[in-house]
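Where a number appears in this text, it was derived from the coordinates with a stated rule and is not lab data. Source: prediction; values computed, not measured. Positions of Cβ are generated from backbone atoms using ideal geometry, with glycine treated the same way; all protein chains shown enter the neighbour counts.
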Amino acid sequence: MEKRAALKEVAHYYRILDEIQKEISKLIVGQKEVVKGLLRGLLADGHVFVEGVPGVAKTLLIRTLAEVSGCKFSRIQFTVDLLPTDITGITAYDEKKGFYTIKGPIFSNFVIADEINRAPPKTQSALLEAMQEKQVTIAKKTFSLEPPFFVMATQNPIETSGTYPLPEAQIDRFLFKVLMGYPKKEEEIDIMDKNVTLSKFDDFNIKPVINQHKVLEMQAFVKRIFLKDEIKKYITDIVDATRNPKKYKIDLGKYIEWGASPRASIGLFIAAKAEALLNNSNFVTPTHIKNVAHDVLRHRIIMNYEAQAESITTDELISEILSRVPVP
C-alpha cells in the first residue's frame, strides 16, 4: 500500500466519520467521548460494554448510531426470567410446513443488551457466545450472523439487588468498557429540547450516512493502518506493567490481583488503529495508544480487596502505568 494512497483513503473515511458524528449530534447532546468510543469499537469490529446511570441515553445512542450506519437494530432487555432462546430463537412446528426456525433478536447488525447483569449466567453466555463466534446454534442448526455484528451491553452501576455480575472471563470479550456519565449543565438545557419523551425519534430526521457494506469496508481499512514495531513493544510494555508492576515502579501495583490478558494487547493494537483513523492519521502514535488505554484496560485488570477498601480504581492505576512506561 502506497503512502499517498493511504493518506487519500484516510481523508475520505475521516470525512465520513465526521459526518456520522454530526448526524448523531442532531439527537445526542454531548457524550462526544462515548460516541467516539462506540465508533472505535465499530471500526475495530469489537463490542462495547457501557456502564452508566439510568437516563443518560445509552439505548438512544446505539439506536441513533444504527440509523446513521444504515444497519438493522434490536434491543434485548435482560431480566431475571430471560431465557437463552429469547435471545437466539427457537424451532417451532406447524402442521402444514413442519419444523421451522424463528430467529431471535440477536439476528441484527446492532444489538443493545440492556442491563445485561440482570439475567442469569446461562442467558448472558448465550449472547457472549454469539459475540465471540459470530454464529448461533438453534436446535441442531447453526446460523451465521450477518456482518457487521456490533453489541453494546449496558450495566447500571447503582443497583446490585437481583443482579448477576458478569464473570471476568466474559467481560474480557468486550473490546472496550466505556463509562457514560452525566451531561454538563449547559448540555442538559439542550436535552430538554431534544428528547424522545416529548418528540418521536423520526421527528429528528436522522439520515443514513453509510450502509452495511461501507461499514465492512471501513473495518477492513482500519486493519491496514500502519503500526511500527516500536509501538508494538510499547503496547506489550503497558500490558506487562499490569502483570509485573514492580519492574516499572508502579506505586499502585500493590492493588493488582490479576493483570490484563493477551486480549488486552490485541485490543490496544486494533483500537489504536481505529483511533488513528478517527484522528485523520494513516499511522499509529503513542498518543493514540494512550487515548484508548483506559477503555481497553479498565475491565481487564482485577483489583484486590485492599483496592476496594481504599477506593482505588483501575483508571487511577492505568493513568500511573501510562506515566511510568517509557514512550518510544
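Values computed for the structure shown
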quantity	calculated
Cross-link reach list, aspartates and glutamates versus Lys184, counting only Cα pairs under 16 Å and skipping chain neighbours closer than eight places	Glu33, Asp193
Intensity falloff of segment 111-168 expressed as log10 I(q)/I(0), Debye formula with alpha-carbon point scatterers, at q = 0.28 Å⁻¹	-1.21
Pairs of lysines in segment 225-324 (C-alpha under 28 Å apart; 8 or more residues apart or interchain)	24
Alpha carbon centroid spacing (whole Å) that separates segment 64-109 from segment 39-62	20 Å
Exposure proxy order (Cβ contacts within 10 Å, fewest to most) of Ile235, Ile112	Ile235, Ile112
Residue-by-residue Karplus 3J(HN,Hα) for segment 177-189, coefficients 6.51, -1.76, 1.60, Hz, glycine and proline x	10, 10, 9, 10, x, 5, x, 6, 4, 5, 5, 5, 5
Amide H partners (placed H, <5 Å) of Lys72, local residues excluded	Asn109, Phe110
Proximal lysines to Lys97, defined as alpha-carbon separation beneath 25 angstrom and excluding residues fewer than eight positions away on the same chain	Lys140, Lys141
Share antiparallel - DSSP beta bridges, the chain, percent rounded to 5	40 percent
For Thr137, distant residues with modelled amide H under 5 Å away	Phe143
Positive-end residue of Ala126, His12, Ala57, charge dipole of the chain with Cβ unit charges	His12
Taking His12, His288 and counting other C-beta atoms within 10 Å, the order from fewest to most	His12, His288
Hull-based mean projected area of the chain, where the convex hull spans the alpha carbons, in square nanometres	19.6 nm²
Cβ-placed point charges (K, R +1; D, E -1), dipole of segment 1-82 about Cα centre in debye, nearest 20	240 debye
Hz values of 3J(HN,Hα) by residue in segment 48-63 - Karplus curve (6.51, -1.76, 1.60), Gly and Pro given as x	10, 9, 10, 10, x, 5, x, x, 9, 6, 5, 5, 4, 5, 5, 5
Filter on Lys36/Lys177; Lys32/Lys207; Lys72/Lys185 - keep pairs with C-alpha separation over 22 Å	Lys72/Lys185
Value at 222 nm in deg cm²/dmol, rounded to 500, when DSSP H runs of n ≥ 4 in the chain each add -39,500 (n - 2.57)	-13500 deg cm²/dmol
Cα lying deepest toward the dipole's positive end in segment 214-328, options Thr313, Ile301, Val327, charges on Cβ	Val327
Listed residues Ala113, Ala293, Ala309, most fluctuating in the chain (Gaussian network, C-alpha, under 10 Å)	Ala309
Sequence of Glu275, Glu306, Glu67, Glu33 once ranked by neighbouring C-beta atoms within 10 Å, starting from the fewest	Glu306, Glu33, Glu67, Glu275
For segment 45-188, share of DSSP beta bridges that run antiparallel, in % to the nearest 5	35 percent
Within the chain: Cβ-based charge dipole about Cα centre, in debye rounded to nearest 20 (Lys, Arg +1; Asp, Glu -1)	1060 debye
